[in-house]
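Take a look at the structure below.
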Amino acid sequence: MSNIACKKTKKFSVIDKLHAIVVDFLASEVHHKQMCHLIPICSMPICWNTTHAEIEQSIKLKLAINLWVECLDDGLTGKKKDMAAQKKKKWCLSLLDWEFWGQ
């Protein structure tokens, strides 16, 4: 199996989902314009404590994170909407995912 095929079939863990959401949120224009008071912490792979901080801050921002994912494809059309819908499907955090951290 090629590298490309492996990447397409990779299943995101709960931590992978959360990290992808935080990175997308921090890179977005909406965050910079309207939601700058909500600041999740982004982990760095070489520092385990940043992953812990990212999880703790995300638990505090649980409602905002769920809303962010739910509204990813709102107001979009065409390819952008399709791409956002794929992200939304991949990044959706279920109740079981939140319970993974005891929340």
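Give me the residue from region 10-53 that is charged (D, E, K, R) and modelled with pLDDT of 85 or more and, out of that set, surrounded by the most Cβ atoms within 10 Å (Cβ to Cβ).
The qualifying residue surrounded by the most Cβ atoms within 10 Å (Cβ to Cβ) is LYS17.
Would it be correct to say that LEU61 is modelled with pLDDT of 80 or more, over 16 Å from LEU95 (Cα atoms) and surrounded by 14 or more Cβ atoms within 10 Å (Cβ to Cβ)? The answer is no for LEU61. Region 44-103 holds helices (runs of 4 or more DSSP H) entirely within its bounds, and those carrying 3 or more residues that are touching a residue at least 12 places away in the same chain (Cβ under 8 Å) map to 48-60, 62-70, 78-91.
The values are calculated or read from the model by the stated rules, or taken from the named source; none is laboratory data. These numbers come from a predicted model, not from an experiment. Cβ atoms come from the backbone with ideal geometry, glycine included; neighbour counts cover every protein chain shown.
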